[in-house]
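Heads up, the thing below is written out as structure tokens.
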Amino acid sequence: MANYEELAKSVIEGQKDQVLDQVKSLIAAGNNPLEIVNEGLIAGMNVVGVRFKAGEMYVPEVLMAAKSMSGGLELVKPLISAADQKSKGKILLGTVKGDLHDIGKNLVGMLIESGGLEVINMGVDVPTEDFIDAIIEHEPDIVALSALLTTTMPAMQDVIEMLEDEDLRGKVKVIIGGAPVSQEYADTIGADGYAPDAGSAVELCKRLLASK
Ligand code: B1M
């Protein structure tokens, strides 16, 4: 019979079929669905996040792990009550205007989601005003901006300035990331945080949520 440790190991190894079989067997054995998520699926993805950050895992492996975890999650989700599914925080994520790069941004989204937070992924080339509209509509705790081009980095500052103009800056934390972005740049434009990689982005979100 499967146990949580084996399930976490299958997630880390990106063995989707194995994950699905183990989740089914844990459900059939009457295990608590929330425990299956927290002690099996998320526990595995947490290890992936740490290993990826340490350079011990690479993008394709992380994507396979995330897909395995999502597959398992789909099986368990219908069994978890709406109250239990309540996320610990809402993150609005997008690649800024003019920028079409989304591989890293999606990885960030998957790891944040794996960390038990809700992610609204707005896609790429998101106009500044669309971020503002979405912040008003969804009231996220954090908006996470991605840019891969030096030419699109200023669009991050545009979002912060528009938030200030609309009197919304105090309502949402802004964090930024992407290859050309740095902590120094985050400080310059007045962002609340910078994450160099997907694993750090999860930690940063959790830190900011805890300090709210
Ligand atoms: Co483009 N591209 N690209 N490209 N591309 C780069 C970024 C470039 C560095 C390549 C180079 O010249 N060496 C260069 C930018 C130079 C610069 O501005 N400094 C470049 C260029 C110039 C361009 C075009 C202008 C090329 C052209 O058409 N002449 C063009 C621009 C299009 C546009 O956006 N308007 C272009 C197009 C493309 C493709 C469409 C072909 C494709 C993107 C496909 C896609 O994303 N769906 C592409 C790709 C694949 C790359 C490279 C090769 C790889 C990017 C990637 O996915 N990395 C890239 C060179 C490189 O980085 N080696 C390059 C893997 C990914 C996991 O890492 O995205 O860094 P990364 O994400 C990391 C962290 O940065 C961080 O976490 C992620 C995971 O650890 N992170 C965040 C990212 N977002 C975050 C948000 C957060 C926190 C952390 O929120 C808080």
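The values are calculated or read from the model by the stated rules, or taken from the named source; none is laboratory data. All of these numbers come straight from a predicted model, not from anything done at the bench. Cβ atoms come from the backbone with ideal geometry, glycine included; neighbour counts cover every protein chain shown. Remember, those area values only see protein heavy atoms, side chains included, never the ligands or the DNA or RNA. Shrake-Rupley method; radii C 1.70, N 1.55, O 1.52, S 1.80 Å.
Taking the conditions (1) within 9 Å of the ligand (Cβ to nearest atom); (2) part of a strand (DSSP E or B) in turn, I120 satisfies each one other than (1).
Being out of contact with any Gly (no Cβ under 9 Å at 6 or more places or on another chain) and more than 13 Å from the ligand (Cβ to nearest atom) is the requirement here; does K212 meet it? Give the derivation first.
Working: out of contact with any Gly (no Cβ under 9 Å at 6 or more places or on another chain): no; more than 13 Å from the ligand (Cβ to nearest atom): yes.
The answer is no for K212.
In region 190-201, of all residues being modelled with pLDDT of 95 or more and surrounded by fewer than 19 Cβ atoms within 10 Å (Cβ to Cβ), the one that is farthest from the ligand (Cβ to nearest atom) corresponds to G190.
Looking only at region 178-192, how many residues end up being in contact with a Gly (Cβ under 8 Å, 6 or more places away or on another chain) and on the phi < 0 side of the Ramachandran plot?
Narrowing region 178-192 to residues in contact with a Gly (Cβ under 8 Å, 6 or more places away or on another chain): 178-179, 186.
Applying the additional criterion that residues be on the phi < 0 side of the Ramachandran plot yields 179, 186.
Residues flagged as in contact with a Gly (Cβ under 8 Å, 6 or more places away or on another chain) and on the phi < 0 side of the Ramachandran plot within region 178-192 amount to 2.
Looking for whichever is surrounded by 15 or more Cβ atoms within 10 Å (Cβ to Cβ) and within 16 Å of the ligand (Cβ to nearest atom) here; the options are G49, G44, G40, G55. Which one fits? Don't jump to the end; show me each part of the working.
Details: G44 fails: within 16 Å of the ligand (Cβ to nearest atom); G40 fails: within 16 Å of the ligand (Cβ to nearest atom); G55 fails: surrounded by 15 or more Cβ atoms within 10 Å (Cβ to Cβ).
Among G49, G44, G40, G55, only G49 is surrounded by 15 or more Cβ atoms within 10 Å (Cβ to Cβ) and within 16 Å of the ligand (Cβ to nearest atom).
The residues in region 103-138 that are open to solvent by 60 Å² or more (accessible area, probe 1.4 Å), of a type in the set (D, E, K, R) and under 21 Å from G199 (Cα atoms) can be counted, and the count is 2. Of note, D187 does not satisfy the criterion of being open to solvent by 40 Å² or more (accessible area, probe 1.4 Å), part of a helix (DSSP H, G or I) and under 20 Å from D102 (Cβ atoms). Only a single criterion out of (1) part of a strand (DSSP E or B); (2) of a type in the set (A, V, I, L, M); (3) in contact with a Ser or Thr (Cβ under 8 Å, 6 or more places away or on another chain) is not satisfied by L92, namely (3).
Considering only region 88-100, I want to know if a residue exists there that is farther than 15 Å from V202 by Cβ, out of contact with any helix residue (DSSP H, G or I) (no Cβ under 6 Å at 6 or more places or on another chain) and open to solvent by 60 Å² or more (accessible area, probe 1.4 Å). For region 88-100, residues farther than 15 Å from V202 by Cβ, out of contact with any helix residue (DSSP H, G or I) (no Cβ under 6 Å at 6 or more places or on another chain) and open to solvent by 60 Å² or more (accessible area, probe 1.4 Å): present. Of everything in region 1-49 that is of a type outside the set (A, V, I, L, M, F, W, C) and not in a helix (DSSP H, G or I), the residue that is modelled with the lowest pLDDT is N32.
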